[in-house]
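Here's the structure we're looking at; comments come further down.
The values are calculated or read from the model by the stated rules, or taken from the named source; none is laboratory data. Everything numeric here is computed off the predicted structure, so don't read it as measured data. Using ideal geometry, Cβ is built from the backbone for each residue, glycine included, and neighbour counts are taken over all protein chains shown. Just so you know, the surface numbers come from the protein's heavy atoms only, side chains and all, with ligands and any DNA or RNA stripped out. Shrake-Rupley method; radii C 1.70, N 1.55, O 1.52, S 1.80 Å.
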Amino acid sequence: MTSDFTATLAATRLLAIIRGSGGEAAVAAGTALLDEGVRVLEVALTTPGALDAIAAIRAAAPAGTLVGAGTVLTEADVADVAAAGAQFVVTPAVVDSIGAAARRGLPVAAGALTPTEAYTATRMGAAAVKLFPASLGGPAYLKALRDPFPHLPLVAVGGVGLAELPGFLAAGAIAAGVGGPLVGDAASGGDLDALRERARAFLAATS
């Protein structure tokens with residue numbers, strides 16, 4: 001499962017991050033993204049009704065797509081998202097959930113910023129490192145981090161918009177995780193047609 005996760009990320013180069021004000025809107029946003037061809041998405045646990053949303057999106061997801069959970073912090077969180085059907089987990093930092101998910105066979109994209117955090121996350125079982133916030137050092141920092149860890153799958157997250165995306169991919173990120181610039185207010189009941197347009201633009205930028 002871990003190899004499938006990193007391979008799918010590397011192939012699609014885009015991880016959609018859904019964080020909103022309610023589960024129903026999150027489901028609508030996630031379904032629209034999948035309809036447009038997004039293949040990997042996460043629902044942040046800070047979204048009310050996130051577990052039900054994960055289950056609903058997963059049930060409607062076409063073959064070849066991955067639906068995961070974000071902001072997964074604790075072992076209890078891992079148990080909850082696994083029960084909801086999450087296929088991977090994402091963390092904002094080096095936290096207990098990394099090892100707990102790895103022991104269950106759930107791939108983890110672990111949040112890290114420094115070389116020590118990135119190394120520690122992989123030792124704990126992370127399949128990929130979520131460089132967060134990527135905007136702090138930009139593509140140059142991501143490239144520098146890859147020098148001592150050339151085989152480490154890095155996902156740039158935080159402040160990555162359509163204009164910034166090519167730079168991070170060129171610097172060696174296998175994918176970028178995008179929340180606000182892609183999802184906008186769609187996960188809080190906003191315009192789904194506008195979401196679809198943004199999805200098409202991001203997918204074109206990663207092809």
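Of all residues in segment 48-61, at least one satisfies being assigned to a helix (DSSP H, G or I) and more than 16 Å from residue 82 (Cα to Cα).
Mind checking which residues of segment 115-148 are in a loop (DSSP other than H, G, I, E, B) and open to solvent by 50 Å² or more (accessible area, probe 1.4 Å)? Across segment 115-148, the qualifying residues are 124, 132, 147, 148. Provide a single number: the residues in segment 168-182 that are open to solvent by less than 10 Å² (accessible area, probe 1.4 Å) and either over 27 Å from residue 26 (Cα atoms) or out of contact with any Ser or Thr (no Cβ under 9 Å at 6 or more places or on another chain) (or both). Counting residues in segment 168-182 that are open to solvent by less than 10 Å² (accessible area, probe 1.4 Å) and either over 27 Å from residue 26 (Cα atoms) or out of contact with any Ser or Thr (no Cβ under 9 Å at 6 or more places or on another chain) (or both) gives 5.
Report whether or not residue 9 is within 14 Å of the chain's Cα centre (by Cα) and either at pLDDT 95 or above or over 23 Å from residue 159 (Cα atoms) (or both). When the stated conditions are applied, residue 9 passes them.
Within segment 67-99, can you find the residues that are assigned to a loop (DSSP other than H, G, I, E, B) and open to solvent by less than 20 Å² (accessible area, probe 1.4 Å)? Scanning segment 67-99 gives 72, 85, 86, 88, 91.
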